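Values quoted throughout were computed directly from the atomic coordinates according to the rules given, and no laboratory measurement underlies them. Note that the structure is predicted; figures quoted are calculated from it, not measured. Reconstructed Cβ throughout: ideal geometry from the backbone, glycine too, with neighbour counts over all protein chains shown.
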Amino acid sequence: MRCPFCGNIDTQVKDSRPAEDHVSIRRRRFCPSCGGRFTTYERVQLRDLVVIKSSGKREDFDRSKLERSVRIALQKRPVDPERIDQMISGMVRRLESMGETDIPSKVIGEIVMESLARIDTVGYVRFASVYKNFHSADDFDKFVAELRPTALRGE
Ligand SMILES: [Zn+2]
């Protein structure tokens, strides 16, 4: 696994343990060349999912993007991080079991809103308000940028 700080590919695993009630393995990694530490997760992936944007553009599904947007929506909310991990795994599991490997980005947005609504109203409102603006633009990267913490100031 390449070091995200210096790009060195020879990093070491310092610790491995089950996480999210054995849904994933969490590994603490150490980079001997820069001293950086980071964490990776290993999970079962049932299928390779592809996101279809409304423009028709296809993109490999990226769990970390989904995770980022959910974490930002729930920033400073009293939600247990473990609960967030479970929620994200649950959403991915739902996407993977939809019977199609090609999933419209709209469907993903709706699943996120549905899940957020169940665990935190404020997080749901944050996500939904940004989501609406990007319903037409349909660009998940812009969407995540819009959800960045500075957008949440003044609450
Ligand atoms: Zn490094």
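Of Met87, Met1, the sequence from fewest to most neighbouring Cβ atoms within 10 angstrom is Met1, Met87. Both radii come from the Cα set of the range 11-75: Rg as radius of gyration, Rh as Kirkwood radius; their ratio Rg/Rh reads 1.08.
Of all lysines in the structure, the ones whose alpha carbon falls short of 27 Å from that of Lys132, not counting any fewer than 8 places away in one chain, are Lys53, Lys57, Lys65, Lys76, Lys106, Lys142. Rg and Dmax, both from the Cα atoms of the range 1-43 and both in Å, are 10.9, 33.
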